[in-house]
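Chemist: This is the structure I want to talk about, given as C-alpha cells.
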Amino acid sequence: MTDTMALRVGLIGVGGVCRAVHYPGFSRIPGVDIAALCDPDAALLAQRREEWGVAATASDVDEFLRHDLDAVVIATPNHLHRRLIEKVLAAGCHVLCEKPLGMDLAETIAIYRLASASGRRHMTAFTYRFVPGMTYLKHLVDSGALGVVRHARVQRLQDWGEKAIGWRQYRAQAGLGELGDMGIHRIDYAEDLLGPIGSVCASMKQLLPRDQTKEGVACPPQDVEDWVAWIAEFDSGATCVFEMGKLSKGRGPGGDHDLAELNGTEASAVYHLHTPHEVLFARRGEPYQPLPVPPEFLARPGSPRDPAVGDPVVTFRYDQAWEFVSAIREGRDCVPSFYHGMRAQAVAEAVVTADRQRRWVDVPRVP
C-alpha cells in the first residue's frame, strides 16, 4: 500500500454529522472517491446525491455494499452501529464509526474484538483529538513542559434549549444521553492526555422532559440524562473533574464552551475549542498568557487541509478523515481505533454505575 493508493469510500447516514464532518473531510483527499451513499430517508438521499454528485445511492445496506467499496463511514443513530459494523467488516471494508460504538460495554467489546480479528482498519470518530489546540496540549504533556500533571478540569457546556432533540434523547436509540453524546469524547481525550482512568464517582440528572418538538407538537418524553458530572482518578495519580450539560451556558462566543485545564508541577495549560489555534499557558507563579499553536501542530502531517482557510472551529474535523485514509494507506492502526472507543465506553459505564450506586467505582479492565 502507498500514500497515493486510490480508495472507494461509502457513507452510511448522510445527515448533519456526515454533511459537516465526513463528506467535506473525505472529498478533500486526493485519490479518494466517495463512491456510494446510504440512508433510509429517500428525500435526504436524493438531496445529497444532487449536492455531492454521487450517483450510487441505496436505502438498503446490502445493496450499498455491492458497490465495490474499500472503506465505509457509519454516521447513524447509535443502536444501529453494531449491525452495520458487522456487515461492513463482513464485506471486507475498513470502517470509521461515530461514537459511541455500542449500546453498552459488552456490545462494544464484541465490536472491538470482531474488528481486531478482521484485519481491517477500524476507527472511532473522536473528532476532538484533531483540534490543533488539543494536539499541542498533548505535546506539552508528553514533552514534560507541564511537569507531572496533578489535577485537571474538563467541561463541555452547551444550551440546546428545552425542546426535543430527536433520537439522542431516547435510551433505546442512543444508549446514553449527555454522557454518550459529549462526555465520551472528553473521556477519550482525557485518557489520551493523562493515561487510563482507574476509578470514578458521579452524578447524572435528567433536568427536562423534552416532550415537545421545536414546532410545539407533543412527543414521547426523553429518558436519558442531560447533565452529568464525575470525578476521575487516573492510574498516574492525577485527578480530573468532568462536567457536561445540554442546559448549561458556556463562556465561549457562541454561548458554549469546551475546556480542558491541566495543572502540573511545572506549569499549567488550558485548551478552549473556540480558540483552536492557541492555548493558555502559565508557569508556576505566573499569570496565564495566550500561546499560539506552532505551525506543525495546526494540521496533521500531510493533510490536504489548509488551516488558514475556513472557520477553524469547523475545519479541524476534516483531519479525522485524513487519519483514517492515512492508516489504510500505511497499513497501520488508526488513532483513535475501536480500542479507544471500547476504553471510553468502559469508563462511561463506570460513571453510570457510580451514579446509580452512589459510590466510587473501578473502571473495568478489558484485556
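Chemist: Go through region 266-367 and tell me which strands (runs of 3 or more DSSP E), entirely inside it, have 2 or more residues that are buried (at least 21 other Cβ atoms within 10 Å of the Cβ).
Modeler: Hits in region 266-367: 267-272.
Chemist: Here is a follow-up. Taking the criterion of being within 23 Å of Arg129 (Cβ to Cβ), out of contact with any strand residue (DSSP E or B) (no Cβ under 7 Å at 6 or more places or on another chain), of a type outside the set (Gly, Ala, Ser) and modelled with pLDDT of 95 or more, would at least one residue in region 64-71 satisfy it? Talk me through it step by step, then tell me what you get.
Modeler: Initial filter on region 64-71 (within 23 Å of Arg129 (Cβ to Cβ)): 71.
Among the residues that remain, those that are also out of contact with any strand residue (DSSP E or B) (no Cβ under 7 Å at 6 or more places or on another chain) are: none.
Within region 64-71 (the criterion being within 23 Å of Arg129 (Cβ to Cβ), out of contact with any strand residue (DSSP E or B) (no Cβ under 7 Å at 6 or more places or on another chain), of a type outside the set (Gly, Ala, Ser) and modelled with pLDDT of 95 or more), the answer is no, since none of the residues qualifies.
Chemist: Residues that are charged (D, E, K, R), assigned to a loop (DSSP other than H, G, I, E, B), in contact (Cβ under 8 Å) with a residue 40 or more places away in the chain and touching a Ser or Thr at 6+ places or on another chain (Cβ under 7 Å): does region 96-105 have at least one?
Modeler: Looking through region 96-105, at least one residue is charged (D, E, K, R), assigned to a loop (DSSP other than H, G, I, E, B), in contact (Cβ under 8 Å) with a residue 40 or more places away in the chain and touching a Ser or Thr at 6+ places or on another chain (Cβ under 7 Å).
Chemist: Further question: Looking at Gly245 and the list (1) surrounded by fewer than 19 Cβ atoms within 10 Å (Cβ to Cβ); (2) in contact with an Asp or Glu (Cβ under 7 Å, 6 or more places away or on another chain), which single condition is not satisfied?
Modeler: All conditions are met except number (1).
Chemist: Now a separate question. Of a type in the set (S, T, N, Q) and either assigned by TED's automatic domain parsing to the domain that holds Arg186 or in contact with a Pro (Cβ under 8 Å, 6 or more places away or on another chain) (or both) - does that describe any residue in region 64-85?
Modeler: Within region 64-85 (the criterion being of a type in the set (S, T, N, Q) and either assigned by TED's automatic domain parsing to the domain that holds Arg186 or in contact with a Pro (Cβ under 8 Å, 6 or more places away or on another chain) (or both)), the answer is yes, since at least one residue qualifies.
Chemist: Moving on. Give Glu225, Glu178, Glu233 a once-over and let me know the one that is surrounded by fewer than 23 Cβ atoms within 10 Å (Cβ to Cβ), of a type outside the set (Phe, Trp, Tyr) and assigned by TED's automatic domain parsing to the domain that holds Thr265.
Modeler: Exactly one of Glu225, Glu178, Glu233 is surrounded by fewer than 23 Cβ atoms within 10 Å (Cβ to Cβ), of a type outside the set (Phe, Trp, Tyr) and assigned by TED's automatic domain parsing to the domain that holds Thr265, namely Glu233.
Chemist: Take the conditions surrounded by 15 or more Cβ atoms within 10 Å (Cβ to Cβ), charged (D, E, K, R), in contact (Cβ under 8 Å) with a residue 12 or more places away in the chain and part of a loop (DSSP other than H, G, I, E, B) and apply them to Arg129. Does it pass? Give the derivation first.
Modeler: On the way: surrounded by 15 or more Cβ atoms within 10 Å (Cβ to Cβ): yes; charged (D, E, K, R): yes; in contact (Cβ under 8 Å) with a residue 12 or more places away in the chain: yes; part of a loop (DSSP other than H, G, I, E, B): no.
When the stated conditions are applied, Arg129 does not pass them.
Results for (1) more than 19 Å from Ala327 (Cβ to Cβ); (2) in a helix (DSSP H, G or I), shown as yes or no for each residue.
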| site | (1), (2) |
| --- | --- |
| Gly25 | no, yes |
| Gln47 | yes, yes |
| Leu69 | no, no |
| Thr76 | yes, no |
| Arg83 | yes, yes |
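Residue-wise test of (1) out of contact with any Gly (no Cβ under 9 Å at 6 or more places or on another chain); (2) outside any strand (DSSP E or B); (3) modelled with pLDDT under 95; (4) aliphatic (A, V, I, L, M).
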site	(1), (2), (3), (4)
Tyr136	yes, yes, no, no
Arg150	no, no, no, no
Asp181	yes, yes, no, no
Tyr189	yes, yes, no, no
Leu193	yes, yes, no, yes
Pro209	yes, yes, no, no
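Chemist: How about region 139-153: which of its residues are closer than 18 Å to Val241 by Cα and either loosely packed, with under 14 Cβ neighbours inside 10 Å or not β-branched (Val, Ile, Thr) (or both)?
Modeler: Within region 139-153, Val148, Arg150, His151, Ala152, Arg153 meet the criteria.
Chemist: Next up: When region 34-55 is examined, which residues are found to be surrounded by 15 or more Cβ atoms within 10 Å (Cβ to Cβ) and either touching a residue at least 60 places away in the same chain (Cβ under 8 Å) or of a type in the set (Asp, Glu) (or both)?
Modeler: Across region 34-55, the qualifying residue is only Asp39.
The values are calculated or read from the model by the stated rules, or taken from the named source; none is laboratory data. What you see is a predicted model, and the numbers here were worked out from it, not measured in a lab. A quick note on method: Cβ atoms are made from the backbone with ideal geometry, for glycine too, and the neighbour counts reach across all protein chains shown.
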